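K.L.:
First, the structure itself, so that you have it in front of you.
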Amino acid sequence: MLPMDQAVNIQYILQSIGLTVLFVGLIGYERQRRNKIAGLTTHLLVALGAAGLTMVQQQMVYDAIVFVKESDVFGPGDIVIQRQRIVAQIVSGIGFLGTGAIIKTNGYISGLTTASTLWISAIIGIIFGYGMYWIGITLSLSVLFVLTIIKNFFRHMVEDPNH
């Protein structure tokens, strides 16, 4: 997580963006490989936007804290810093975007997993944007495990329940 005694620095930015590209890129690649409507590029753009906005939010919080500390005008209870406001907008906005990936045709619904992977890609971007690298890596690998191993295991169980 970003230490409060320093502003956003280039190492933090490169680590956050690099890990977002690497791990969400793997999720996007898995979706593209399966010819889904949102593939590598879409997932990366969603996650990079989320990571970028989260880093901006981190910087804004840091700047506000520094401003309050350096100001003679404000007392300890005069300022409320809401760290979650931008993140809340990202989460709800991506939910709206994911809705566009869901298609209903002749009673068959498709795109639910793609909508979910767009949403979780934004979450991973937020996590990396906050600098919580191990949480982001673990979550990314868990998503890949679900999309590949778990999904294929249950698909085979449904197709051939005797196995």
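We did not get these values from a lab; they are worked out from the coordinates using the rules stated. Small disclaimer: the values here were computed from a predicted structure and weren't measured. Because the Cβ atoms are built from the backbone with ideal geometry, glycine has one as well, and the counts that use them run over all protein chains shown.
K.L.:
Quickly rank 33-46, 128-141 as a protection proxy: mean count of other C-beta atoms within 10 Å, highest first. Don't skip to the answer; put the middle values down first.
P.N.:
Working: 33-46: 17.1, 128-141: 18.9.
Descending mean neighbour count gives 128-141, 33-46.
K.L.:
What does the charge count near residue 64 come to, summing +1 for each Lys or Arg and -1 for each Asp or Glu among other residues with Cβ under 14 Å from its Cβ?
P.N.:
Working: positive: 69, 83, 85; negative: 63, 70, 78.
Local charge sum for residue 64: 0.
K.L.:
Same structure, new question: Taking the structure as given and computing volume of the Cα convex hull per residue in Å³, which label from [x] 182; [y] 149; [z] 135 fits?
P.N.:
Matching entry in [x] 182; [y] 149; [z] 135: [z].
K.L.:
May I pose another question? Kindly put 55, 60 in sequence by how many other C-beta atoms sit within 10 Å of each C-beta, fewest to most.
P.N.:
60, 55
K.L.:
Where the only charges are on Cβ atoms (+1 Lys, Arg; -1 Asp, Glu), what is the dipole of the range 10-159 about its Cα centre, to the nearest 20 debye?
P.N.:
On the way: 10 positive and 6 negative charges, 153 e Å.
Dipole magnitude for the range 10-159 comes out near 740 debye.
K.L.:
May I pose another question? Hey, can you list the DSSP H helices of the chain whose Cα span along the axis is 15 Å or longer and whose average Kyte-Doolittle score is at least 0.0? Walk me through the numbers before you get to the answer.
P.N.:
Numbers: long enough: 10-33 (33 Å, 0.67); 40-70 (44 Å, 0.95); 85-99 (22 Å, 1.31); 112-129 (25 Å, 1.73); 133-145 (18 Å, 1.73).
Qualifying helices: 10-33, 40-70, 85-99, 112-129, 133-145.
K.L.:
Assuming R0 = 35 Å, can you tell me the calculated FRET efficiency for the pair residue 79 and residue 112, based on Cβ-Cβ distance, to the nearest 0.05?
P.N.:
Working: r = 42 Å, r/R0 = 1.21.
For R0 = 35 Å, the calculated efficiency reads 0.25.
K.L.:
Let me ask you something else. Given points 7 Å out from each Cα along the Cα-Cβ axis, report the residue 60 to residue 156 separation in nanometres with one decimal.
P.N.:
Modelled inter-label distance: 4.8 nm.
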